[in-house]
Amino acid sequence: MRSGPVAEDAVEKPERQLGVAGVLVVGAVLLALTTLTYLLHKLPHGAWSLPVALLIAGAKGLLIALFYMHLREQRASNGLVLITSVVFVAVLLTVCVLETRTRFRPTIPPGPFPVEALPGAMEDPRSARPPEPAGPVNP
Amino acid sequence: MPPEAVTEHWGSEDARKQAAYLGMWVFIATEVLLFAGLFTAYGVYRSVYPEAFRAAQLTMEVGLGTLNTFLLVSSSILVALAVHAVRGNRPGLGGALLLAAALLGIVFLGVKGVEYSHHVREGGLPGDAYRFAEVPRVGASLFFTLYYLLTGLHALHVTVGVSVLTVLGVRSASGAFGPSYATPVELGGMYWHLVDVIWLFVYPILYLS
Amino acid sequence: MNELLRRLFFLPEQGSTFAVKVDHLHYVLLLTTLAVAVGIGTVGIVFLVRYHRRTASDATPRVVAPTWMEGLFIGVPLSLFLLWFVLGFQQFVWVMSPPQDALDVYVTGKQWMWKFTYPGGPSAIDTLVVPAGRPVRLLITSRDVIHSFYVPDFRMKRDAVPSRYTDLWFEAPKPGRHLVLCAEYCGLDHSQMRAEVVVLSPADFESWRDAQRRNLPVAALPGANTPETMAVRGERIATAQGCLQCHTVTGAPHIGPTWLGLYGRKEPLEGGGAVLADEAYLTESMMDPLAKVVAGYAPVMPGYHGRLSAEDSGALVEFIKSLRPLRPGVTAAEEPVYVPTGR
Amino acid sequence: MSPPAAESYLSDGRTLWSWLTTHDHKRIGVMFLVLTLFFFLVGGLFALALRIELLTPGRTIMGHLAYNRMFTLHGVTMVWLFMIPAIPSAFGNFLVPLMIGARDVAFPRLNLASVYLYVLGASVTLWGMFEGGADTGWTFYTPYSTTTGTAVLPVLVGVFIIGFSTIVTGLNFIATVHTLRAPGLTWMKLPLFVWAIYGTSIIQVLATPVLGMVLLLVALERVVGAGIFDPARGGDPLLFQHLFWFYSHPAVYIMVLPSMGVISEAVCAFSRKNAFSYRMIVYSTLGIAFVGFFTWGHHMFASGQSIFGSGAFGAMSMLVAIFTAIKIFSWLGTLYRGSIAIESPLIYTLGFMFFLFFGGMIGVAYSTTSLNLHWHDTYSVVAHFHFIMVGATVMAFLGALHYWFPKMFGRCFPAKLANSAAVLIIFGFITTFVPQFLLGNMGMPRRYADYPPHFQSLHVASTAGASLLAFGFLIIAGYLAWSLKYGAVAGNNPWGSDGFEWRSASPPPTHNFHVTPEYPTGPHEYAREEVPHAA
Ligand code: HEA
Ligand code: HEA
Ligand code: CUA
Ligand SMILES: [Cu+2]
């Protein structure tokens, strides 16, 4: 029924396809990055270890998306879909974490509630009072 | 070969391909957001109970986790090669590579099973069943629950991926695909890469640092 | 003017300093909305009449909004909205930051009652007594699900979240009584989880508190004759009938099993089996205690058949039902500084 | 009466089987229409039961438990079984391919699958209703939803499955709009309804998976005690609220964006004018889809959320409100110098604009944070969202039903009767929900089976209004059903609309077009030679 191309230009940019060598090189980089993550973990590490590990994971993800999932060969809209989803994951995560971090606990005068042992604490661990300081640990 | 009617519906071969890719990417976006809830829960609770999470993390078996990472990354490489082979008109080779990747996926699941059995023995079970004496309950119990949810949901995806790869591998080996019709292999491959990428993020947050 | 607008918009009495403040913003917003509504309505009607279709083939010009007009569409509402937001958020921050010298009261919500406790005593159920003209800070928590402490006259509410304290402060300028409602859905009797704030003059408040500390009944309080809830009545009967000589409400077993958390629990029976402690079983246990004896206890409880009226036993059941286990995690006393909790 | 068109999608196979196995987007749209109307009726019956119970304080016809279940089921049915699928899945499916000159949606088989997913999810939910139904409210707040003894699980699972159905529909529309536009139909010539559906699809695809996850977590907590939100294990009930509203705030735009699309079409068609500001409507659609994701915390101002969080969410809510304002002004502007025909779709359109404005302004008032502390979880909120969801979205739904009824079935309905029914609905609406807003001002909390007596008079007014509404809907149902069979044959373009969907026959043939249409201009450009005229 219809004729002529869609309103879009060509889908793929075939000249950007990887050859076997390319695929293998990307693969080697991926394996190397994985090893790097593991080695960094072996080193003594502190507050930065998680961001660094996530950064490496992000780099690996980017490589896979671009080359193995052929984003590089495809229209920009496809990349946009991926970027949007990642952005919204980031939004959800950061906003929730930031919100929890910025809550204030009110000052508490001597409370009326010495937290009593719960009934049935012995037989059902579910309702048991946690052994460690109840509630969140302060930074 | 795509049936004649399909191209008519699409108007052009390019449109058909683009729709397939775009549809797959949108699907991938939904998968990413499906995991977002769990990642958020992890982020929030980790920031609330840093010590408990650290303590729980120290009991993870990093070796097995790393092994699994290597397994998935290698299988991804195999899948990428398979797509290349199919596009280059060697569907037989492509099929073999796909089946090999599926095999790695199965090994991954096996390793995961071994890990689970260790946790079960220790009592590091999710939710109500938590009995792990080594780590305090509050917070750590959340860590283990999240651990099971993240890895469990991921394992579910691996299982689906393995079946997809197997079907595609068999069909490819029997010559169903070729340079002019590689879309199913490409889409299946994308799914498998997605499974891999999600693991790449699950691995550091659960096992490392 | 204030009074007129308040009545026009069906707002309740202004029982707190915050209510007075926030109502002004309230009026501004509602009046602007009405004004713009009139504007939009007029424009719409004028267009309808003026440009009414006359023939099926009326010619119409192509009209496109000029850019400056698009700018107005965005700019005018946006600046108004942001202005309102700034004003409102200032009030919000003010009302979320309790002053230093506030009187503290603990508020515990549980299905379906409010309990108020003053540090150092006393405590009361469903009636919160506060002095007029002094800021009061409520430290709110819940023992089971989320509730919300809502006083329409104060124009504010705050959720009671299990395992955590939230706070709310207010200052009631003059003595009076204000209805407290639960505004977060919490189950069966959510709609009946009511209480009352009684504002007394400072002197009355002090004498009330003294009397309370010396353990006078709540009913003696001037003006506070709230209808007794079933659960409260049950508590009184339990004391009067001597149930509490054998049963505790704290969770500790005594001669008989504790009542805390009894309702809904599966009780193991002497001689095997178990029974779900529902209303029927509770009533049966009072009337014919030996029918089912709880494992590990001697069958010593007297039967109360004929000694308790149907209403009394109903009240006792309600009282037992109200004794829900406390959810853990309520933290003990803290240093008097604000610290980020992380949650 | 002779059948309207000799050969149409309706006559192409008349067996039930041919409907159940169809891949035709038009038939799928009609099936969704029937299903969602059915659930609108169910939800409406729940609503009437609610209103009757609230007639008097204390017990009127049901106890607390029954009431609690009733409003939960009312909310769940109306939101997930009616409102969210109503316009996109029914009218979107029917119209989007017609409007972009395509033969079908991109993935017809997936489209059929989404019908079956919807039916499956709806059946599970219905089964849950027969099991007694949940009593958690449509928001499923933990820890109540994880501890109550009612049949929460089937409802959760049902909604979870319906979520997949909406995801599939959204995915399909995105791919369709991207790849199946007819030659020459560029993005900035797309009908505004298509833009609206496109924006909606983006939200559906991005937000719904999060809902799926959070429902799954609640279900797991109920079944195996996963305990992610359980305070006894250090969990945070507020995290549930964050995840839930991350979906549900954007979801309110899933409900309102498609209806905005309907209104954009109807305003143009019935004033014979181009859109006053096409560009702004398009950008604001995308703006809502994007900024709508940053405001979810405005449902949690009173919950113990941090003050900073409340401030940020409040400010973002102000931003998202602007986009709606732009649209309302553009629609008003479209009427300017038009040739306005007062037909029932236009009456609904005017109602829509007015009620959306009111409801929206109440929303803006909430976002000032300080006012929210009084209004939160009172009947004011109930009024806010019914203003938008009934006053606006249901109006738009009815408008769409009337506007496209001839398109879908090739028949006209009695116009005078339709106009009076529309006016009746608007009056009924005002009497039902304005009193609710005032109740909220008085401080009447929502989800109350029983209330202190001083609230009664307004409740009585509201109930009276609800019965007017019900009466109005009955009339509409009556004459539409009658017209299906006995209505006058409509002809291809009874309204004389220049919307692209009218370029095929009414009802359209199975393959939509006999000749591929051409698109020299955008839709609704009436200032040119050769525009269609009303019959
Ligand atoms: C389709 C549904 C829909 C839509 C579109 C909206 C739109 C908006 N909503 Fe609403 N909302 C709901 C459905 C919806 N809402 C539901 C269901 C709930 C309750 C959930 C529950 O708890 O069960 C809720 C609750 C809710 C709350 C929480 C209330 C509470 O529980 O405390 C808030 C708070 O900020 C809010 C805000 C807004 C805002 C700012 C908008 C904005 O998008 C509105 C924008 C529109 C306008 C602003 C009107 C147009 C403006 C003009 C024409 C300009 C006027 C010009 C001048 C003033 C110069 N909504
Ligand atoms: C789209 C959503 C939607 C719609 C359309 C409605 C429609 C109505 N709602 Fe609903 N409502 C909600 C969404 C909706 N509601 C939500 C989300 C809640 C919150 C739930 C919660 O707290 O968890 C709520 C809560 C809610 C409450 C508050 C309960 C409480 O908090 O205690 C009340 C009370 O009056 C109410 C009333 C009504 C009424 C009278 C209508 C009327 O407009 C209904 C009129 C409809 C009919 C009477 C049906 C008649 C239909 C036919 C006869 C067939 C028609 C057929 C054709 C047209 C072909 N609703
Ligand atoms: Cu307590 Cu509602
Ligand atoms: Cu919202």
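The values are calculated or read from the model by the stated rules, or taken from the named source; none is laboratory data. What you see is a predicted model, and the numbers here were worked out from it, not measured in a lab. When we count neighbours, we look across all protein chains shown, and the Cβ atoms used for this are built from the backbone with ideal geometry, even at glycine. What goes into the accessible areas is simple: the full protein's heavy atoms, side chains included, and nothing from ligands, DNA or RNA. Shrake-Rupley method; radii C 1.70, N 1.55, O 1.52, S 1.80 Å.
Just subtract the alpha-carbon distance of A:Val25 and A:Val87 from 0.36 nm times their residue separation and send over the number in nm, one decimal.
Computed gain between A:Val25 and A:Val87 is 19.5 nm.
Mind giving me the FRET efficiency for C:Arg213 and C:Val300? R0 is 35 Å, r the Cβ-Cβ distance, nearest 0.05 is fine.
0.45
On a C-alpha basis, how far is the centre of the stretch B:81-111 from the centre of the stretch D:315-361 in Å? Whole number, if you could?
The distance from the Cα centre of the stretch B:81-111 to that of the stretch D:315-361 comes to 56 Å.
Do the sum for chain C: with -39,500 (n - 2.57) for every DSSP H run of n ≥ 4, divided by all residues, what is the mean residue ellipticity at 222 nm, to the nearest 500 deg cm²/dmol?
Numbers: 8 runs with 121 residues, N = 343.
For chain C, the value works out to -11500 deg cm²/dmol.
Hey, with R₀ at 22 Å, roughly what FRET efficiency would D:Phe130 and D:Leu153 work out to, going by the Cβ-Cβ distance, to 0.05?
0.95
Under 5 Å between amide hydrogens, which residues at least 5 positions from A:Arg105 or on another chain qualify, with H placed 1.01 Å from N in the peptide plane?
Here C:Val339, C:Thr341 satisfy the definition.
What base-10 log of the normalised intensity I(q)/I(0) is obtained for the stretch B:68-130 from the Debye formula, alpha carbons as equal point scatterers, at q = 0.12, 0.19, 0.30 Å⁻¹?
With one equal scatterer per Cα and no solvent, log10 I(q)/I(0) is -0.44, -0.70, -1.08.
Calculate, axis by axis, the spread of Cα positions in the stretch B:1-97 along the three principal axes, and write the results as whole Å, longest axis first.
61, 30, 13
Whole number please: convex hull volume per residue of the Cα set in the stretch B:30-207, in Å³?
Values: hull volume 17.0 nm³, N = 178.
With only Cα atoms used, the stretch B:30-207 gives 96 Å³ per residue.
Modelled label-to-label distance, B:Phe70 and C:Ile255, 7 Å Cα→beta-carbon offset: nm?
Spacing of the two 7 Å Cα→Cβ label points: 7.2 nm.
What is the P(r) of the stretch D:126-219, as percent of Cα-Cα pairs per 5 Å bin from 0?
Histogram of Cα-Cα distances, whole percents per bin: 3, 12, 19, 16, 12, 10, 9, 7, 5, 4, 1, 0.
Counting residues in the protein assembly as shown as N, plug N into 2.2 N^0.38 Å and put the Cα Rg over that result.
Cα-based Rg divided by the globular estimate yields 0.98.
Run the numbers on chain C and let me know its relative contact order in percent, using alpha-carbon pairs under 8 Å that are six or more apart.
About 14 percent, as a whole number.
Given springs between every Cα pair under 10 Å in a Gaussian network model of chain C, which of C:Arg214, C:Arg50, C:Arg134 has the largest fluctuation?
Comparing C:Arg214, C:Arg50, C:Arg134 in the GNM, the peak value goes to C:Arg50.
State, to one decimal in nm, how far the label point of D:Ala470 lies from the label point of B:Tyr181, with both points 7 Å from Cα in the Cβ direction.
In this crude spin-label approximation the distance works out to 5.8 nm.
Which value at 222 nm does chain D reach when only helices count, each DSSP H run of 4 or more adding -39,500 (n - 2.57), with the total divided by all residues and rounded to the nearest 500 deg cm²/dmol?
About -21000 deg cm²/dmol.
Can you compute the modelled spin-label distance between C:Glu284 and D:Val119, with each label point 7 Å from Cα toward Cβ, in nm?
Inter-label distance under the simple model: 4.7 nm.
Where does each of C:258-268, D:93-103, A:18-28 land if you order them by average Cβ count within 10 Å, highest first? Walk me through the numbers before you get to the answer.
Working: C:258-268: 17.8, D:93-103: 26.5, A:18-28: 15.0.
Packing proxy ranking, top to bottom: D:93-103, C:258-268, A:18-28.
Check which residues have an amide H placed less than 5 Å from C:Val275's amide H, if you skip close sequence neighbours.
Counting only residues 5 or more places away or on other chains, the set is C:Glu267, C:Leu269.
If one puts a single equal scatterer on every Cα of the stretch A:19-73 and applies the Debye formula without solvent, what log₁₀ I(q)/I(0) results at q = 0.18, 0.23, 0.29 Å⁻¹?
Debye curve over Cα of the stretch A:19-73, log10 I(q)/I(0) at q = 0.18, 0.23, 0.29 Å⁻¹: -0.63, -0.86, -1.12.
Helix check for chain D. Which DSSP H runs span at least 27 Å along their own axis by Cα, with a mean Kyte-Doolittle hydropathy no less than -0.5?
Membrane-span-like by this rule: D:25-53, D:108-130, D:152-179, D:192-224, D:237-271, D:307-335, D:344-366, D:415-442, D:456-486.
So what is the 222 nm mean residue ellipticity for chain B from helices alone, if each DSSP H run of at least 4 adds -39500 (n - 2.57) and you divide by all residues, rounding to the nearest 500 deg cm²/dmol?
-29000 deg cm²/dmol
For helix B:137-173, what angle does its Cα long axis make with the longest principal axis of chain B, in degrees from 0 to 90 and rounded to 10?
Result, in degrees: 20.
Which parts of the stretch D:171-207 would a label at C:Arg62 reach, counting a residue when its backbone N lies under 16 Å from a point 7 Å out along Cα-to-Cβ?
Under 16 Å, as judged by backbone N against the label point of C:Arg62, lie D:186, D:188-191 of the stretch D:171-207.
Any idea what the relative contact order of chain B is, in percent, if you count C-alpha pairs under 8 Å spaced at least 6 apart?
Relative contact order for chain B comes out at 32 percent.
Give the dimensionless ratio obtained when the Cα radius of gyration of chain D is divided by 2.2 N^0.38 Å.
Here the Cα radius of gyration is 0.94 times the empirical estimate.
D:Ala527 to C:Glu3: FRET efficiency via 1/(1 + (r/R0)^6), r the Cβ-Cβ distance, R0 56 Å, to the nearest 0.05?
Values: r = 55 Å, r/R0 = 0.98.
Working from the Cβ atoms, E equals 0.55.
Which whole-Hz ³J(HN,Hα) couplings does the stretch B:178-189 yield from phi under the Karplus relation 6.51 cos²θ - 1.76 cosθ + 1.60, θ = phi - 60°, glycine and proline marked x?
Rounded to whole hertz, the list is x, x, 8, 9, 10, 4, x, 5, 4, 5, x, x.
Specify the inter-centroid distance of the stretch D:170-229 and the stretch B:146-201, based on alpha-carbon positions, in whole Å.
22 Å
Roughly speaking, what % of Cα-Cα pairs in the stretch C:35-93 are separated by over 20 Å, rounded to a whole number?
Counting every Cα pair in the stretch C:35-93, those more than 20 Å apart make up 55 percent.
If we sort C:69-82, D:403-416 on the protection proxy, mean other Cβ atoms within 10 Å, highest first, what's the order?
D:403-416, C:69-82
Going through the cross-link list D:Lys26/D:Lys327; B:Lys17/D:Lys327; B:Lys17/D:Lys273; B:Lys17/D:Lys26, which pairs have a Cα-Cα distance over 32 Å in this structure?
B:Lys17/D:Lys327; B:Lys17/D:Lys273
Let me know the mean shielding of C:143-153 by other chains, meaning the per-residue number of their Cβ atoms within 10 Å of its Cβ.
Whole-number average of other-chain Cβ neighbours for C:143-153 is 5.
Could you state the angle between the C-alpha long axis of helix B:91-122 and the longest principal axis of the C-alpha atoms of chain B, as a value from 0 to 90 degrees rounded to the nearest 10?
Value to nearest ten degrees: 10.
With equal scatterers on the alpha carbons only and no solvent term, can you work out the Debye log10 of I(q)/I(0) for the stretch C:103-215 at 0.12, 0.18, 0.21 1/Å?
The Debye formula, applied to the Cα set alone, gives -0.37, -0.84, -1.12.
Under the definition of Cα pairs under 8 Å and six or more residues apart, what whole-number percent is the relative contact order of chain D?
So the answer I get is 18 percent.
What three numbers, in Å, describe the spread of the alpha carbons of chain C along their principal axes, ordered from the longest?
That gives 95, 57, 41 Å along the principal axes, largest extent first.
Give me the summed buried accessible area for the B-A pair, 1.4 Å probe, to the nearest 100 Å².
Summing both chains' loss of accessible area gives about 5100 Å².
Roughly how tilted is helix C:202-213, in degrees to the nearest 10 and between 0 and 90, from the longest Cα axis of chain C?
That works out to roughly 30 degrees.
Out of all DSSP beta bridges with both ends in the protein assembly as shown, state the antiparallel percent to the nearest 5.
On the way: 34 of 48 bridges.
Restricted to the protein assembly as shown, the bridges split so that about 70 percent are antiparallel.
Please report how far the C-alpha centroid of the stretch D:249-278 lies from that of the stretch D:28-53, rounded to the nearest whole angstrom.
After rounding, the separation between the Cα centres reads 23 Å.
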